[in-house]
Amino acid sequence: MARISGVDLPKKKRIEYGLTYVYGIGLHASRKILDATGIDYNKRVYELSEDDVAAITKEIRASHIVEGDLRKQVAMDIKALMDLGSYRGLRHRRGLPCRGQKTKTNARTRKGKRKTVGAA
């Protein structure tokens, strides 16, 4: 089993899609990494040699921010918005949608379970 950036990749998937299991790597970034290392997109994860895994890991470390570092950076960016007192920061602080969605009827994922007011 290939382990890259602390993530076990699924054995039977093509490496092109297997790399997307790493937080911070999408399909486009995955293809760029494979092009840089010269590995075929159609190779399955279990077919990778130790050299292939090492080359992928080296390429990721050199050119991408992934997993814990990326999560930390995103959290710090949100905290900076909140500390700044910007509109987006206030929406984050209140647990409401930040990107202009309406909240009268939808936004249940962000707002949580309904709180009934004034029911008799």
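The values are calculated or read from the model by the stated rules, or taken from the named source; none is laboratory data. Note that the structure is a prediction, hence the values are computed from the model and not measured. Quick reminder, even Gly has a Cβ in these numbers, built from the backbone with ideal geometry, and neighbours come from all protein chains shown.
(1) outside any helix (DSSP H, G or I); (2) at pLDDT 95 or above; (3) of a type outside the set (Val, Ile, Thr): which one isn't true of residue 11, the others all being true?
(2)
Pairs needed: first member in region 84-96, at positive phi; second member anywhere, in a helix (DSSP H, G or I); C-beta distance under 9 Å; at least 6 residues apart or different chains.
Final answer for the pair search is 95/110; 95/111.
So is residue 62 more than 19 Å from residue 11 (Cα to Cα), out of contact with any Asp or Glu (no Cβ under 8 Å at 6 or more places or on another chain), assigned by TED's automatic domain parsing to the domain that holds residue 7 and not polar (S, T, N, Q) or not? Let's see the steps before the verdict.
Numbers: more than 19 Å from residue 11 (Cα to Cα): yes; out of contact with any Asp or Glu (no Cβ under 8 Å at 6 or more places or on another chain): yes; assigned by TED's automatic domain parsing to the domain that holds residue 7: yes; not polar (S, T, N, Q): yes.
Yes: the conditions hold for residue 62.
Residue check, residue 63 against (1) under 30 Å from residue 34 (Cβ atoms); (2) in contact with a Gly (Cβ under 8 Å, 6 or more places away or on another chain), all met but one. Which one?
So residue 63 meets the others, but not (2).
Take residue 108 and decide whether it is surrounded by 11 or more Cβ atoms within 10 Å (Cβ to Cβ) and either closer than 30 Å to residue 38 by Cα or of a type outside the set (A, V, I, L, M) (or both).
So residue 108 does not fit the description; no.
Can you tell me which condition residue 44 does not meet? The list is (1) surrounded by 12 or more Cβ atoms within 10 Å (Cβ to Cβ); (2) within 15 Å of residue 22 (Cβ to Cβ), and all the others hold.
(2)
Taking region 14-40 as the region of interest, how many residues are assigned to a loop (DSSP other than H, G, I, E, B), farther than 12 Å from residue 2 by Cβ and over 21 Å from the mean Cα position of the chain (by Cα)?
Step one: list which residues in region 14-40 are assigned to a loop (DSSP other than H, G, I, E, B), which gives 22-26, 38-40.
Retained after the next criterion (residues that are farther than 12 Å from residue 2 by Cβ): 23-26, 38, 40.
Now drop any that are not over 21 Å from the mean Cα position of the chain (by Cα), which leaves 38, 40.
Total satisfying the criteria: 2.
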